[in-house]
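Report on the structure given below.
The values are calculated or read from the model by the stated rules, or taken from the named source; none is laboratory data. Every value quoted in this text rests on a predicted model; they were computed, and no experiment measured them. Note that each Cβ is placed from the backbone with ideal geometry, even for glycine, and that neighbours are counted across all protein chains shown.
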Amino acid sequence: MKSYVVGNWKMNFSVGESSVYLHKLLQRTHAYRDIEVIVAPSLIALQPLSLQIDRKKIRLAAQTANPHDFGAFTGEVSFTQLRGIADYCIIGHSERRHLFHESDKQIRSSVASALRNQITPILCIGETDTERTFGETYDVLRDQLLGGLSGVSAEDITKVIVAYEPVWAISTTSDARLASPDEIASIIQFIRQTLNEHFGQEVGENIPILYGGSVKPTNAGAYLTVPGVNGLLIGGASLIADQFTEIIEIAKKVKS
Ligand code: 13P
């Protein structure tokens, strides 16, 4: 299975800055057969960057999209409109779930719409600090995972990527708040087992599962060697060319 290194730029960089930054990344990145490098710029930058990108080296992802194809949805952009521009879309990121109140139902529609429009969904799941404290982690993850994927056909499920991002470990500056590789290992095993139970072992074993939450060059190697982790979803460190390209190199080393 390929490894994925995904940079979520969130709401950072102007269109001009995004283009300059992408240029820098393209200069420093090689085309790897076994590593898929993906960046998710702001929606406004996606279209111009799609003309600039070298898809052999880096692919584009949207950070969200509306599941309706067209219509009276002021301010929204659909998966249909993103077709041919983005190859991937992050769906159900914790910031979308918690700041913009996206429900599992909406997220499920987005996964379906992405697949219908030949865009690979990167379905994010993750528990909050409170849910973790109250011992609800596994229930929350199961609900988010199956809530997002129920109804996906046997054929389409092979095109889905899952990302585990514990909300409490996102953008932390304290080492004490980082998720430990051991903790991640048990959770990844649970996610894999849930996928196997619902979609069959052969399919479940081949769904890529990424880890995200304060990934940096200093911890990327440890996270990438957690059994069952097939890549990383990176926020802050993906905005710094030196750090992002170092993480790609680490992924390359771990792979070989
Ligand atoms: P950080 O890497 O900044 O913690 O962000 C993680 C994230 O939310 C990526 O989607």
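Got at least one residue in the stretch 126-142 being of a type in the set (A, V, I, L, M) and more than 18 Å from THR194 (Cα to Cα)?
no
Being more than 15 Å from the chain's Cα centre (by Cα) and of a type in the set (Val, Ile, Thr) is the filter; apply it to the stretch 5-24 and report the residue that is surrounded by the most Cβ atoms within 10 Å (Cβ to Cβ).
VAL15
Take TYR21 and decide whether it is among the aromatic types (Phe, Trp, Tyr), part of a strand (DSSP E or B) and either touching a residue at least 60 places away in the same chain (Cβ under 8 Å) or more than 25 Å from ASN230 (Cβ to Cβ) (or both).
Considered against the rule, which asks whether it is among the aromatic types (Phe, Trp, Tyr), part of a strand (DSSP E or B) and either touching a residue at least 60 places away in the same chain (Cβ under 8 Å) or more than 25 Å from ASN230 (Cβ to Cβ) (or both), TYR21 comes out as no.
Which residue out of GLU95, GLU131, GLU102, GLU155 is among the acidic types (Asp, Glu), farther than 19 Å from GLY213 by Cα and at pLDDT 95 or above?
None of the others qualify; the one that does is GLU102.
Looking only at the stretch 37-48, count every residue that is closer than 22 Å to GLY231 by Cα and crowded, with 22+ Cβ neighbours inside 10 Å and tell me the total.
Number of matching residues: 5.
If the Cβ limit is 8 Å and pairs must be 6+ apart or interchain, which residue in the stretch 72-94 that is under 11 Å from LEU60 (Cβ atoms) pairs with which residue that is among the aromatic types (Phe, Trp, Tyr) and away from the ligand (no atom under 13 Å from the Cβ)?
From residues that are under 11 Å from LEU60 (Cβ atoms), the pairs are CYS89/PHE79.
ALA222 fails exactly one of the following numbered conditions: (1) crowded, with 20+ Cβ neighbours inside 10 Å; (2) not in a strand (DSSP E or B). What is the number of that condition?
With respect to (1) crowded, with 20+ Cβ neighbours inside 10 Å; (2) not in a strand (DSSP E or B), ALA222 is out only on (1).
Please verify whether PHE70 is out of contact with any Cys (no Cβ under 8 Å at 6 or more places or on another chain) and either among the polar types (S, T, N, Q) or within 16 Å of the ligand (Cβ to nearest atom) (or both), treating the condition exactly as stated.
Considered against the rule, which asks whether it is out of contact with any Cys (no Cβ under 8 Å at 6 or more places or on another chain) and either among the polar types (S, T, N, Q) or within 16 Å of the ligand (Cβ to nearest atom) (or both), PHE70 comes out as no.
What is the one condition in (1) within 16 Å of the ligand (Cβ to nearest atom); (2) more than 13 Å from the chain's Cα centre (by Cα) that GLU136 does not satisfy?
So the condition that GLU136 fails would be (1).
Conditions tested, residue by residue: (1) in contact (Cβ under 8 Å) with a residue 60 or more places away in the chain; (2) within 15 Å of the ligand (Cβ to nearest atom); (3) touching a Pro at 6+ places or on another chain (Cβ under 7 Å).
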| residue | (1), (2), (3) |
| --- | --- |
| GLY148 | no, no, no |
| ILE170 | yes, yes, no |
| GLU183 | no, no, no |
| GLU202 | no, no, no |
| ASN206 | yes, no, no |
| ILE234 | yes, yes, no |
| ILE240 | no, yes, no |
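With the requirement that a residue be part of a loop (DSSP other than H, G, I, E, B) and of a type in the set (S, T, N, Q), what does the stretch 225-256 give you?
Selection gives THR225, ASN230, SER256.
If you take the residues in the stretch 88-101 that are of a type outside the set (A, V, I, L, M) and buried (at least 19 other Cβ atoms within 10 Å of the Cβ), which one is farthest from the chain's Cα centre (by Cα)?
ARG97
Are there any pairs with C-beta distances below 9 angstrom linking a residue in the stretch 25-37 that is more than 16 Å from SER256 (Cα to Cα) to a residue that is part of a loop (DSSP other than H, G, I, E, B) and aliphatic (A, V, I, L, M), with the two at least 6 apart or on different chains, and if so which?
Short answer, once both residue conditions are applied: LEU26/ILE53.
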